[in-house]
1. What number of residues within segment 47-76 are touching an Asp or Glu at 6+ places or on another chain (Cβ under 9 Å) and within 29 Å of Glu91 (Cβ to Cβ)?
2. What residue, of Lys22, Lys92, is at pLDDT below 95 and within 14 Å of the chain's Cα centre (by Cα)?
3. Between a first residue in segment 21-38 that is without any contact (Cβ under 8 Å) to a residue 60 or more places away in the chain and a second residue that is buried (at least 17 other Cβ atoms within 10 Å of the Cβ) and among the β-branched types (Val, Ile, Thr), which pairs have beta carbons less than 9 Å apart while being 6 or more apart in sequence or on different chains?
Amino acid sequence: MRIMATMEATNADEIKLRHVEKDVLIPKMMREKAKERCAEKVEAFNHCCKDSGFFMVFKCREENAALKECLTLHYKDPVFFEECKQEYIREKLEFERTGIPTKSRKQKLPTSM
């Protein structure tokens with residue numbers, strides 16, 4: 001078991017990523033995770049927009065600025081990028097090993113057929 005974990009860690013470090021993976025797929029993962037990490041600010045902005053209707057552009061400036069600041073902080077964090085990159089690589093290696101996409105693996109299987 002340890003050998004397998006070591007092999008996966010080595011493979012994750014050595015794997016070459018395509019342009020689309022580095023510039024599109026990993027940033028997409030970062031956006032999703034940043035929204036989770038900034039959930040409080042996302043919720044505040046959404047609540048403000050729902051309450052303000054057409055005037056949200058004017059009334060929700062503070063909430064929008066706070067949300068942008070939080071998200072930008074994560075987008076520009078090289079450590080966060082590396083975390084997402086390593087997670088992407090682990091998912092990619094697992095897909096290559098099993099042939100099952102992450103989304104399908106995370107869904108719960110029915111208990112009875």
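The values are calculated or read from the model by the stated rules, or taken from the named source; none is laboratory data. Model, not experiment: these values are computed from the prediction. All Cβ positions, glycine included, derive from the backbone under ideal geometry; neighbour counts span all protein chains shown.
1. 1
2. Step by step, each of Lys22, Lys92 is checked, and only Lys22 is at pLDDT below 95 and within 14 Å of the chain's Cα centre (by Cα).
3. Going by the 9 Å Cβ cut-off, the qualifying pairs are Lys35/Val42; Glu36/Val42.
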